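Notes for the one structure printed next.
Just so it is clear, none of the values below were taken in a lab; they were calculated from the coordinates. In this text, all values refer to a predicted model and were calculated from it rather than measured experimentally. Every residue, glycine as well, gets a Cβ built from its backbone with ideal geometry; the counts of neighbours run over all protein chains shown.
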Amino acid sequence: MIGQGFKNFFDKQRPKFEKGGKLHTFHSVFEGFETFLYVSDATTKKGSHVRDYIDLKRTMIFVVLALVPTMLFGMYNIGYQHFAAIGALAETTFMQVFIYGFLRVLPVIIVSYGVGLGIEFAFAQIKGHEIHEGFLVSGLLIPLVLPIDTPLWMTAIAVAFSVIIAKEAFGGTGMNIWNPALIARAFLFFAYPSHMSGDSVWIRLGTDADKVVDGFSGATPLGLALNGILDYNIWDAFWGFIPGSIGETSSFAILLGAAFLIITGIGSWKIMLSTVLGALFTGALINVFAVNPFMEIPFWHHLFLGGFMFGAVFMTTDPVSASQTAKGKWIYGFLIGVLAIVIRVLNPAFPEGVMLAILLMNTFAPLIDHYVVQGNVRRRLKRVSVKV
Amino acid sequence: MSDKETLFSKKNLRLLTDPLGSKNPITVQVLGICSALAVTAQLKPSVVMAISVVAVMGFSNVIVSLLRNTIPNRIRIIVQLVIVASLVILVDQILKAYIYDVSKQLSVFVGLIITNCIIMGRLEAFALGNKPGPSFLDGIGNAAGYGLILVIVGFFRELLGAGTIWGLQIIPEGFYNFGYVNNGLMVLSPMALITVGIIIWVQRYRNTELVEENK
């Protein structure tokens, strides 16, 4: 068995990394790779503990798996948008389209993981703890929320910023207040606005920039709708054949991931559902009081436009930065939905309100939890017969 | 303090040097943050602001120290405010007369030196109870500690946010042709706060005595 071979290899290497071994400096790297492949055999010495095969690393792997449909479709859509822009869709095959996108998206993913894991390894060595696995997910989320034309060095800086400032400064994985992937995106959005919004960043034209067809705009449907031009087919938006960030376009692929997350119990359906409800509620309310074409678009279209679905499924449910209590999750999700649509529709400066809404509610998640817990304490105190 | 003690004794010199490091008003006491965020988008206003605060603080400490035995305790804050405000107006007028462009850039923040908590803090904590000599050193020292952080933050914000230092292009044109873009976030004030945070982080990493105990 190859698996057993690997295991023997790890067992043989272990003494070198233990205290006193000559490679002890790299012990956290060793442990990181070992537990990546195998369940740790270390047992708890005190107290009783329920041992489950599902630890943080496997939780993270499940989220990565849930992201795979979105990622694959994102790759295909990058190629699709490219060939559609130059009017060459008819004479290209499915594989050509996919491979074009694959080759454009792959470097972004490599840069994201390379920089992020490099910093995580470095911090683990300096602080002498194990490598935290939180970046396994962030490393894939970050490329998926970026426009394809984001320069790689910008991606690298944003990843470094998010890992160092949004995570390590707060104490590493599990201690961060905000979703690191969204911090990376917000950093880029405010630092390099011309590369994160507008008409020319969503479709990779490359060397074919002079071949674009007549009437090509390159703007996202949401960006156009903001200017009052309602030129999209909502089913294209649902399946994902629209320009946008790499992974955010296909609501269908995202919903596949959502189903996987809910079935495996990794992602909270309460948060996802309440976020959607919040958006529908606000969308309907805005429909009623609409004064311009953008406010008049049917409220449920908002779910499939822009990054809403991606945010609602993968960003809001981050277990670290979201609310923890059951009631808190409903409030947290609902407010994200409400704020996302409010920012999107009513503030013309930020067509993508989902990112800001989630970051804002990340900030308030502990407060929501606090009041939910306090409310529960008060209710139960009323029931006790003995005076406290 | 004995009368024989010279102005530049070891103890008095520490009044001057401590605020630059282990007793820094911004990074250790976390005072005067507002102006540190507001004026540090470029190096030039940061330096001018730093010098202005040094002047105001040095003189207000001396004046309050000279008057310390005559100021009635109950109205001391008002007296201190009057002294600081007069000095600030003086500085403001000088800036307007000699470097009008920077004065315009700093806008209200020169006037707001009056409300800088470092100044009131030092007046209350030091000048009211010490002789003019040491008070002067304490004022200069704390203002310099404040100014030092301002200059560091201003340096990085201007370099990364505009590619310039003191208005001169530092990052070569070739970089921009290769696709380098100035970081717009550096110009916004949140990044000033984050830069101060990074300075605090680095300082505590080097000087572990500053790290609070984990309760």
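Using the 10 angstrom Cβ neighbour count as an exposure proxy, how do A:Val373, A:Val291 rank, fewest first?
Ranking A:Val373, A:Val291 by Cβ neighbours within 10 Å, fewest first, gives A:Val291, A:Val373.
What spacing in nm lies between the two simple spin-label points modelled at B:Leu90 and B:Thr164, each 7 Å away from Cα in the Cβ direction?
About 3.3 nm separates the two model spin labels.
Test of the criteria: in the range A:267-366, which chymotrypsin sites (Phe, Trp or Tyr not before Pro) are in a DSSP loop and have at most 15 other Cβ atoms within 10 angstrom of their Cβ?
Taking the range A:267-366 and a limit of 15 other Cβ atoms within 10 Å, the loop chymotrypsin sites (Phe, Trp or Tyr not before Pro) found are A:Phe289.
For the Cα atoms of chain B, what angle does the longest principal axis make with the long axis of helix B:43-67, in degrees from 0 to 90, nearest 10?
It works out to around 0 degrees.
Test of understanding: given chain A, find the longest segment containing no GluC sites (Glu not before Pro) that are in a DSSP loop and have at most 11 other Cβ atoms within 10 Å.
A:92-388
Apply the a/c threshold of 1.5 to the C-alpha gyration tensor of chain A and tell me whether it is rounded, prolate or oblate.
oblate
Once phi is turned into ³J(HN,Hα) by the Karplus curve 6.51 cos²θ - 1.76 cosθ + 1.60 with θ = phi - 60°, what whole-Hz value does each residue of the range A:191-201 show in order, with x for glycine and proline?
For the range A:191-201, the Karplus-derived couplings read 7, 10, x, 5, 9, 10, 8, x, 9, 10, 10 Hz, x marking Gly and Pro.
Under 26 Å between C-alpha atoms is the cut-off here; go through the range A:56-374 and count lysine pairs that meet it, provided they're at least eight residues apart or on different chains.
Close lysine pairs under the 26 Å cut-off: 9.
Would you mind working out the magnitude of the charge dipole of chain B relative to its Cα centre, with +1 at each Lys and Arg C-beta and -1 at each Asp and Glu C-beta, to the nearest 20 Debye?
I would put it at about 460 debye.
Can you find, among A:Ser323, A:Ala166, A:Asn287, the residue sitting farthest towards the positive end of the charge dipole of chain A, where Lys and Arg contribute +1 and Asp and Glu -1 at Cβ?
Checked the options; the winner is A:Ser323.
Only loop residues by DSSP count here, and only those with at most 12 other Cβ atoms within 10 Å; note down the chymotrypsin sites (Phe, Trp or Tyr not before Pro) in the range A:79-176 that meet that.
Answer in residue order: no site qualifies.
Would you please give the residues with an amide H less than 5 Å from that of B:Ile26, counting only those at least 5 places away or on a separate chain, with H modeled from the backbone geometry?
B:Leu31
Assuming a ≥ b ≥ c are the square roots of the Cα gyration tensor eigenvalues, decide whether the range A:146-270 counts as rounded (a/c under 1.5), prolate (otherwise, with a/b larger than b/c) or oblate.
Since a/c reaches 1.5 but b/c is at least a/b, the shape of the range A:146-270 is classed as oblate.
Apply the a/c threshold of 1.5 to the C-alpha gyration tensor of the range A:95-220 and tell me whether it is rounded, prolate or oblate.
Since a/c reaches 1.5 and a/b is larger than b/c, the shape of the range A:95-220 is classed as prolate.
Which value, in debye to the nearest 20, describes the size of the charge dipole of the protein assembly as shown about its Cα centre when Lys and Arg Cβ atoms bear +1, Asp and Glu Cβ atoms bear -1, and nothing else is charged?
Roughly 2720 debye for the protein assembly as shown.
Any idea how far the Cα center of the range B:36-79 sits from the one of the range A:242-283, in Å?
55 Å
At a Förster radius of 45 Å, what calculated FRET efficiency corresponds to the Cβ-Cβ distance of A:Ala326 and B:Ser22, to the nearest 0.05?
0.40
For the range A:125-165, how big is Rg over Rh, using alpha carbon atoms and the Kirkwood form of Rh?
1.05
Report the per residue volume, in Å³, of the convex hull enclosing the C-alpha atoms of chain B.
159 Å³
Please arrange A:Met309, B:Met49, A:Met71 by counting, for each residue, the other beta carbons lying within 10 Å of its beta carbon, fewest first.
A:Met71, B:Met49, A:Met309
Quick one: if you stick a label point 7 Å off each Cα along the C-beta vector at A:Ser200 and A:Ile263, how many nm between them?
Those two pseudo-labels are separated by 4.5 nm.
Search the structure for amide H atoms under 5 Å from the amide H of B:Ile165, placed 1.01 Å from N in the peptide plane, and list their residues when 5 or more places away or on another chain.
Hits under the 5 Å cutoff: B:Ile170.
Where in chain B lies the longest segment free of chymotrypsin sites (Phe, Trp or Tyr not before Pro) that are both loop residues by DSSP (not H, G, I, E, B) and have at most 12 other Cβ atoms within 10 Å?
With a cap of 12 other Cβ atoms within 10 Å, the longest stretch comes to B:9-165.
In the range B:148-215, which GluC sites (Glu not before Pro) fall in coil by DSSP and have 12 or fewer other Cβ atoms within 10 Å?
The qualifying sites are B:Glu212, B:Glu213.
If you take the charge dipole of the range B:31-213 about its Cα centre, with +1 on Lys and Arg Cβ and -1 on Asp and Glu Cβ, which of B:Thr40, B:Asn177, B:Trp201 is farthest toward its positive end?
Checking the options against the dipole of the range B:31-213, the answer is B:Thr40.
So for the range A:57-148, averaging the separation of alpha carbon pairs under 8 Å that are six or more residues apart and normalising by length, what relative contact order in percent results?
36 percent
Per the helix-only calculation at 222 nm, which mean residue ellipticity applies to the protein assembly as shown, given -39500 (n - 2.57) for every DSSP H run of n ≥ 4 and division by its residues, nearest 500 deg cm²/dmol?
-20000 deg cm²/dmol, from helical runs alone.
Given B:Ile152, B:Ile118, B:Pro72, which one lies farthest toward the positive end of the charge dipole of the range B:28-167, if we put +1 on the Cβ of every Lys and Arg and -1 on the Cβ of every Asp and Glu?
Sorting the options by dipole projection puts first B:Pro72.
By how many nm would the segment from A:Asp55 to A:Trp153 grow when fully extended, if each residue of separation counts as 0.36 nm and the alpha-carbon distance is taken off?
32.0 nm
Long-range amide H contacts for A:Gly244: which residues qualify at under 5 Å (H placed 1.01 Å from N, peptide plane, sequence gap of 5 or more or a different chain)?
Close amide H contacts, sequence-distant or interchain: none at all.
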